[in-house]
Each structure stands twice: as structure tokens, then as C-alpha cells.
Amino acid sequence: MAAKLCLLALLISFLLAAPRAGATASGHRIFRATMTRSQKSINFTQVAHKSRQRLSMLAARIEASTTTASTQTPLQQDSGGGEYVMTFSAGTPPQELSALADTGSDLVWLKCGACKRCSPKGSPSYYPNASSSFSKLPCSNGLCRNLEATCTGGAGAECDYTYYYGLSVSSHHYTQGYLAAETFTLGGDAVPGIGFGCTTMSEGGYGTGSGLVGLGRGQLSLVRQLKVGAFSYCLTSDPTKTSPLLFGSGALAGAGVQSTPLISGASPGYYAVDLQSISIGTVTTPGTGESAGGIIFDSGTTLTFLAEPAYTAAKAALLAQVKLPAASDDDGVCFQTSGGKAEVPPMVLHFDGGADMALPANNVFVPVGGGVICWVVQKSPSISIVGNIMQMDFHIRYDVDKSVLSFQPANCDSL
């Protein structure tokens with residue numbers, strides 16, 4: 001009898017100590033959302049063009065002598081099928097919406113009401129009048145101060161703003177409205193009090209969703225507002241399936257986990273790491289290093305960019321080992337294959353701290369039609385970026401509180 005009581009006590013103790021569903025072992029909540037690639041196939045020419053546009057815009061922000069929350073990077077996302085939209089709900093009762101998930105910015109904003117002068121056009125809007133949990137935020141609110149809105153009516157006045165995406169005031173890249181708070185529903189979890197921009201007018205390239213969800217390192221981002229300390233995602237290579245986005249996810253565990261420190265570089269708002277070297281086949285070439293700002297992991301850029309001299313060295317190593325005829329393509333390094341099948345040298349990114357990212361061939365080359373495959377790496381005149389194609393089928397975790405980036409090869413469907 002005593003043995004049974006002892007066993008029962010141990011069982012109860014175990015159940016009480018075990019993390020509940022939707023929680024990490026430390027007791028922090030996990031909020032789950034999903035992301036979907038906007039198109040089932042990628043137009044390489046279009047994504048190359050849009051990726052270069054985004055590169056120049058991210059670089060311009062870093063190069064600016066001063067950066068404020070109201071002059072952020074113009075977020076023209078890839079419209080060739082490479083961007084990811086996040087699905088969630090806002091309001092009570094919930095209104096289902098989708099918006100671009102972007103690790104390169106902070107502000108969360110949605111089209112509000114009819115919003116006839118808003119971009120993107122044709123997508124659903126959020127209607128504050130249909131929600132019982134909606135409230136406007138005053139100028140005295142901390143998020144309003146972070147937004148650096150212009151308040152003319154005192155601390156209790158409505159937090160009206162015009163948020164320009166660029167290094168100077170531009171009539172073509174902005175969102176305008178007022179700051180508000182609302183209940184956001186991620187998966188099955190309702191989270192009250194999320195501050196967001198209720199947009200009444202906007203212009204710019206924001207994909208096909210209802211707005212934008214900033215996942216950057218600043219105080220306005222959804223990550224910071226959820227107070228989860230970390231988030232992760234796994235971009236599936238199957239465009240017909242959704243990709244999981246987890247807020248508050250615990251440390252990665254199991255085989256193949258690699259970790260490297262996040263660096264501030266010239267712009268602390270981005271998720272940059274120190275790429276020390278690159279292996280292509282049997283050749284190891286120099287990386288981007290930390291002094292040049294490292295290399296940025298960015299969900300909104302489709303292709304990967306390497307600044308000099310890293311690009312030229314990596315390209316030379318690739319060309320020396322690929323035994324295929326070159327294919328003429330103005331958008332990058334391409335090869336003609338027989339039926340789209342070819343043996344290509346493996347590529348590994350070596351980061352600070354001994355973290356090695358061994359890339360599958362599908363993360364390095366993409367078919368563009370007619371048996372032609374193209375290298376997803378492009379030459380950059382400025383900063384370096386790991387794009388979302390190269391991140392596919394990796395569980396990538398951003399520990400914002402501890403400034404660590406971790407990754408692990410994964411079956412995204414199982415997360």
C-alpha cells in the first residue's frame with residue numbers, strides 16, 4: 001500500500017512539473033501561427049529583381065547616419081512568389097486576416113475599414129467598429145513614443161502618425177493612421193492589448209495581404225509585445241503546405257542543432273550573424289565577417305546576397321567544380337542540365353561559434369525552366385543577406401533576449 005501511495009505521489013509530482021500544452025519547459029506560453037508562400041511557384045527573374053530592390057533598401061537604412069522609427073526601410077517585398085504571409089485574427093469576434101511576416105521591420109499595421117486609398121488593394125480589411133475589444137491608444141502610450149508619432153493634442157490625444165518607409169519623406173512608401181490596441185488570435189490563443197497601426201491610407205509594395213507584421217528586434221514588433229523572448233519558424237519547401245511560426249518557442253533540441261551569436265553591426269534592428277567562411281565542395285572561401293555588419297537572416301528577401309570579396313571567391317569555387325555548360329541569364333549564375341538533374345557541389349555556411357549550416361541542393365539551386373538551374377546567391381554591392389530559399393527546411397530560432405540565432409534541419413510538418 002505504501003509503495004502504491006509513493007508511486008501515486010511521484011506521478012502527481014511529475015504531472016504538476018510537466019509543462020502544459022502550449023508552453024515551454026520554463027512555463028512560458030507558446031503562440032502558434034502559420035505562414036504561407038504567396039504563390040506556388042517562384043518566378044526567378046521577378047524575385048531577382050525584387051530581391052535586389054529590397055537589398056538596396058535595407059542597405060540604405062544601415063548606411064544612414066541616423067535612423068528613426070518613422071523612417072524605416074521601404075518594405076517592397078518580392079512579388080515573384082517568394083514572400084510569406086502570416087495568418088491570424090484580430091478583434092472580438094475574431095476577423096481572419098493575413099499580413100506579410102517581416103523580420104526586417106518592427107511596426108504591426110492593418111488596413112482599417114474601407115481604406116479606399118490603401119495598399120495592398122483587394123485584400124480584406126480589419127473593421128474596428130465590428131470589434132468589442134478595440135481601443136485607440138493615446139499619445140502618452142509608450143508604443144506611441146516608440147513610433148515617434150507627431151502628437152499635437154497633448155498626452156491624451158489620439159496617436160496619429162504617418163510612418164514613412166524610407167530614408168526621407170516619400171509620397172510612395174508610407175502607412176498613415178492611428179495607433180490602437182486589439183486582441184490578436186494566434187492559433188487558438190487570444191492575446192489582448194497588442195498595439196498596431198490602424199491604417200487609413202498607405203502606398204507601397206506590401207504584397208497581397210491586409211498589412212504587415214513586424215518581427216524585428218524593436219519594441220513595436222509583435223515579438224516584443226508578446227513578451228516571449230524568442231520566436232522561430234520553419235519554411236517548408238513544399239509550396240502547397242503552410243509553414244509554422246512559433247512565438248515563445250523553447251531552445252532547439254535533438255540532432256543537428258547549431259547556434260551562433262547575433263551581432264548588432266551597423267543596425268541593431270536586424271538579425272545579423274558573423275559568417276566566417278563558406279565551403280563549396282572541397283574549397284573553403286572567406287565569409288563576410290563581423291566588421292562588415294555580418295550577414296542578415298531575412299524572411300522578406302527571397303535570394304541570398306554576398307558582399308565582396310566573399311561573392312567572387314564563392315562564385316569562383318563553384319564554377320571550378322560544376323561540370324555543366326553555363327546558361328545565359330542576366331539574373332545570376334545558371335547552368336544547363338539534362339532534364340533538370342545535375343550533381344552540384346555541397347555548400348556550407350560557417351558561422352561564429354562553430355555553427356555550420358550544411359545546405360541541401362534545393363536551397364542552393366532553383367529550376368527556372370528548360371532544364372536550366374540557377375544559383376540562389378547574388379552579388380551585393382553593400383550588405384549580405386541569407387534569403388528565405390536558403391532557409392527552407394530549417395527550424396530557425398531567434399532568441400531576442402539572449403541575442404542568439406539557432407538552426408536545425410527539420411521536417412516542418414512535424415513542428
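The values are calculated or read from the model by the stated rules, or taken from the named source; none is laboratory data. Predicted model only: the values in this text are computed from it and were never measured. Please note: Cβ atoms are built from the backbone with ideal geometry, for glycine as well, and neighbour counts cover all protein chains shown. For the accessible areas, the whole protein counts, side chains as well, though only heavy atoms, and no ligand, DNA or RNA atoms are used. Shrake-Rupley method; radii C 1.70, N 1.55, O 1.52, S 1.80 Å.
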*Scope the range 268-283; condition in contact with a helix residue (DSSP H, G or I) (Cβ under 8 Å, 6 or more places away or on another chain) and open to solvent by 20 Å² or more (accessible area, probe 1.4 Å); matching residues*: Gly281, Thr282, Val283
*Return yes or no: is Gly332 farther than 29 Å from Val213 by Cα and in a loop (DSSP other than H, G, I, E, B)?*
yes
*Identify all residues within the range 389-415 that are closer than 16 Å to Pro239 by Cα and among the aromatic types (Phe, Trp, Tyr); write none if there are none.*
Phe394
*Look at the range 340-355 and say how many of its residues are closer than 26 Å to Lys50 by Cβ, open to solvent by less than 30 Å² (accessible area, probe 1.4 Å) and either assigned to a loop (DSSP other than H, G, I, E, B) or modelled with pLDDT under 95 (or both).*
0
*Would you confirm whether any residue within the range 246-260 is modelled with pLDDT of 95 or more, among the β-branched types (Val, Ile, Thr), surrounded by fewer than 24 Cβ atoms within 10 Å (Cβ to Cβ) and in a strand (DSSP E or B)?*
yes
*Among (1) at pLDDT below 95; (2) in contact with a His (Cβ under 8 Å, 6 or more places away or on another chain), which single condition is Val372 missing?*
(2)
*Taking the range 321-339 as the search range and keeping residues that are of a type in the set (Gly, Ala, Ser) and surrounded by 13 or more Cβ atoms within 10 Å (Cβ to Cβ), which one is farthest from Gln53 (Cα to Cα)?*
Ala327
*Could you say which residue among Ser264, Ser202 is open to solvent by 50 Å² or more (accessible area, probe 1.4 Å), of a type in the set (S, T, N, Q) and at pLDDT below 90?*
Ser264
*Being of a type outside the set (Phe, Trp, Tyr), open to solvent by less than 10 Å² (accessible area, probe 1.4 Å) and in contact (Cβ under 8 Å) with a residue 60 or more places away in the chain narrows it down to one of Ala292, Ala314, Ala307, so name that one.*
Ala314
